């Protein structure tokens, strides 16, 4: 077809006209959304809802996961909220939570579980979707509610509809909001902070009754964050008061005192939660004490303690780079100082700065407010005050600033929009910000280059790129502004918005298969619930290494007390001693050393059941483990000798136990917990003087033994055989597989030799069918020869020309299986005294997957560092972890420290005849314990219940006994001699709850007297007046 320029031009013109009609219709449609507040709010709500709905659905469909930022939220919040919601739905919620590690007060969790509307929403959603997804959806609802609340505040301030919409979007993308996303507890602040502005507004309108209720709601939401939120509310009350047209200083003082008094009334009303929570945190938990290393500046002889310069650099940089929720660290690697953001986009920041070129009264207030805010950031003393810390200043409160920044921006935008700002004034902040941004980019690039392989290099590199984007935006604003194309400012904002959203949510999109991870935990709980009908106290050991579940805080995901690795910011400090006693470890927020299938320790901890994965082959001695139920996923065993608590008539002190542990193995220390009680001599010095328990001595010592990764082979024969590279027949040293002991068909052998020669000559392996394969001869520090094989070798040959007759090999083996490598150890040399027993491996490197082959050729799985058998093992396979690849310099020297135990002590220690008919029930914050004494000795008895000791356990039965913290922080009860039939009833009464509820009651009565009673009287009078008027 012949090209016709006129027709082509006409087609282009038609396309232009069509595009113009589309854009005009779209513009008309959007403009129509701003013709009324109702339409504006609906448009904003639809925009935010669509965005979050799309993100959540995409994460579910693409990643089989749900929105979460993979910080403490998964480790703490999600599992804890699952526990809380499940307890509400099953009616088992109480003041004592047996599933919180080794049992803890409900008030240890109030930091994580807001008693607010958002938790209620999660509860409602949990009836139509899994709790973890319901909680994830609620996270988006919080942001949605925060944006809409802020928009409503702006509407009450008389802002234009267009301003309301745009400021809602600016708030949505602001860095402070994103910083809060790291922790679900913090994220609720995106709603409560703008809601505080509404409370202030309503208080100005005479609705002061809402102030105490808001304060109460804040404490119920989070007693710790309520502190900072109330300070923010107080400061914003002053700011908003100054903005009033009828401002009067003396009225400000009077109304300020009333406002403060009503907030205090709200705090009094909240004492039922606040007081016991504070007591628990102060008295029952451990938090490491930080230190503050200030930058000391001498000004006219006055020493000022400031943050390090790098912290101020961080503050400035986070104006130009969007925040990522888990971007806790800067160059100082200090999250307490660096998890902040002042980002509201470059378009937002420059337009906000335009307030300095405005002359109205409210602009003047904001112009004064900005330097005050800078001063508060500058001096660490204010971070101490606003964060409520005493050891070091936390700066997360600075994340409140972007909300105020958007408020200032709203004032500018309401007057000028994008288009009407004057470039002669706007150029000043643009140039200043651009110069600062360029300097920060240079600083970051130089610093990153100097640091090299830096732990947070990726995050800070991403910040550098985002600052580069900001520099480009500032340049384009300068260009478009002077070309009088300010309408393009909104396009620049949308570019920043899209990039910001991608940057913010890149983290959640990197997390995969969390739906299955949580579902697997639910399935385990369902199986246990179907299989166990036992109202007695017991624990269930779950072999978490063999299930794809969330290992941290797994015990919060089941209806039963289970083993777990715990991560909890406010964990009960009482049981910190257990890890110290047994393993010499210091565990506080993270506790994991007792998460093991350790038969002696688990007997002490009250384990009665064990759940294993049916896809793996374990050995379980039928004398100790009885199979209850099995299917294609699970095997549930009852621990035959399991007991709910221990009874002793003897004791040792903590110091004596630790000395004994230092002379012995960790297994021996665990046995000692079953032999005798342990009492802290420093804590109970007076008690020990009158204690009627046998004081025993702990004697003897035991040691770990070493199992070498390498083996030296000297036995060889000299043969004449053709080589591979050189086919001429010549002499080789032949090492037979009978001595090499390669018992698998796929893997590798690594060899060091005693030959001090430059050329080992030709080395090759031979297989059963006569085929040969050359080995790699590359002498290094780690090995001289490497041979990989996919069929079991029968021999290995070394050309003997350059070798002496005393030539020998030192080799180690690796087995290949399922595209992974396993280190191979020969355990046949261990002196096993019985056919049955246990091997324990005491290693600095965590052993992930371990299996053993016994004398009969059967292969069994091992638990984490523990392996049980009834036929002597000969070979051990250990999965080669990433740490072994990267952190073990020479695997030839990677010896295993092991302990062999024939379990005869277990049989002896579980057959002690001090008590019988033991029974223990713990439910609903109540404990019922009973047993019959069978000992005829003259000693008292010490009962150790395997739950965390607390003075809050109070006797409610007729007889009361002395309680102590025993054996590493557990509940110890001293039963006097002469009590044969022991029956104990106890109730958990959180300290401070009684007085807290009393204070709340007084506060509520005062509130009713101030607000409700006058309202009732007024209504009654009004009704009587109406009746009189009708009668007349």
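Derivation of every value follows stated rules applied to the coordinates shown; laboratory data play no part. Keep in mind that this is a model prediction, so the values were computed, not measured. Backbone-built Cβ (ideal geometry, glycine too); neighbour counts: all protein chains shown.
Given the peptides 956-966, 868-878, 196-206, 164-174, arrange them by the average over their residues of other C-beta atoms within 10 Å, most packed first. Could the numbers behind the result be given before it?
Working: 956-966: 15.7, 868-878: 20.6, 196-206: 18.1, 164-174: 24.8.
Top to bottom by mean Cβ count within 10 Å: 164-174, 868-878, 196-206, 956-966.
Could I have the simple spin-label model distance between residue 916 and residue 450, label points 7 Å from Cα toward Cβ, reported in nm to one decimal?
Placing both labels 7 Å along Cα→Cβ, they lie 7.7 nm apart.
Note down the nm distance, to one decimal, between modelled labels 7 Å out along Cα→Cβ at residue 18 and at residue 1031.
8.1
If r is the Cβ-Cβ distance from residue 115 to residue 768 and R0 is 45 Å, what FRET efficiency results, to the nearest 0.05? Present the calculation step by step, with values, prior to reporting the outcome.
On the way: r = 71 Å, r/R0 = 1.57.
With R0 = 45 Å, the Cβ-Cβ based efficiency is 0.05.
How do the peptides 262-268, 729-735, 445-451, 295-301 rank, highest first, by the average count of neighbouring beta carbon atoms within 10 Å per residue? Intermediate values should be presented prior to the final figure.
On the way: 262-268: 20.7, 729-735: 18.1, 445-451: 12.4, 295-301: 8.1.
Descending packing order for the listed peptides: 262-268, 729-735, 445-451, 295-301.
Hey, what did the chain get for relative contact order, percent, Cα under 8 Å, at least 6 apart?
On the way: 1740 pairs, mean separation 119.0, N = 1032.
Reported relative contact order: 12 percent.
What does the extension gain come out to for residue 614 and residue 58, with contour length at 0.36 nm per residue minus their alpha carbon separation?
Details: separation 556, 0.36 × 556 = 200.16 nm, distance 3.36 nm.
Net length gain for the segment: 196.8 nm.
Residues in region 452-480 near a label at residue 308, defined as backbone nitrogen under 17 Å from the 7 Å Cα→Cβ point?
452-457, 460
Full extension from residue 95 to residue 423: what is 0.36 nm times the residue separation minus their Cα-Cα distance, to one decimal in nm? Before the final figure, lay out each step's value.
Numbers: separation 328, 0.36 × 328 = 118.08 nm, distance 6.24 nm.
Going from the current span to full extension adds 111.8 nm.
Could you grab the relative contact order for region 333-474? Cα pairs under 8 Å, six or more apart, rounded to a whole percent. Intermediate values should be presented prior to the final figure.
Numbers: 114 pairs, mean separation 44.3, N = 142.
In percent, rounded to a whole number, it is 31.
Once the piece of chain linking residue 155 and residue 519 is laid out straight, how much longer is it, given 0.36 nm per residue of separation minus the C-alpha distance between them? Intermediate values should be presented prior to the final figure.
Values: separation 364, 0.36 × 364 = 131.04 nm, distance 4.37 nm.
So the chain would gain 126.7 nm between residue 155 and residue 519.
Per DSSP helix of 4 or more residues, -39500 (n - 2.57); summed, then divided by the residues of the chain. What does that give at 222 nm, rounded to the nearest 500?
Working: 33 runs with 460 residues, N = 1032.
The per-residue figure over the chain is -14500 deg cm²/dmol.
Is the chain rounded, prolate or oblate when judged by the Cα gyration tensor, a ≥ b ≥ c being the square roots of its eigenvalues, rounded requiring a/c under 1.5 and prolate requiring a/b larger than b/c?
On the way: a/c = 2.29, a/b = 1.33, b/c = 1.72.
The shape class here is oblate.
What's the FRET efficiency of residue 38 with residue 494 using the Cβ-Cβ distance as r and R₀ = 22 Å, to the nearest 0.05? Could the numbers behind the result be given before it?
Details: r = 25 Å, r/R0 = 1.12.
Here the calculated transfer efficiency is 0.35.
Evaluate E = 1/(1 + (r/R0)^6) for residue 583 and residue 905, where r is the Cβ-Cβ distance and R0 equals 22 Å; express this FRET efficiency to the nearest 0.05. It would help to have the intermediate numbers written out before the result.
Numbers: r = 19 Å, r/R0 = 0.86.
The calculated FRET efficiency here is 0.70.
Rounded, prolate or oblate: which one fits region 542-610, using the alpha carbon gyration tensor with axes a ≥ b ≥ c (rounded when a/c is under 1.5, else prolate when a/b beats b/c, else oblate)?
Working: a/c = 1.75, a/b = 1.20, b/c = 1.46.
The shape class here is oblate.
How would region 949-997 be classified by its alpha-carbon gyration tensor: rounded, prolate or oblate, with rounded meaning a/c under 1.5 and the a/b versus b/c comparison settling the rest? Before the final figure, lay out each step's value.
Numbers: a/c = 3.42, a/b = 1.54, b/c = 2.22.
Verdict is oblate for region 949-997.
Please give, to one decimal in nm, the separation of the simple spin-label points placed at residue 706 and residue 641, each 7 Å out from Cα toward the Cβ.
Reported label-point gap for residue 706 and residue 641 is 3.3 nm.
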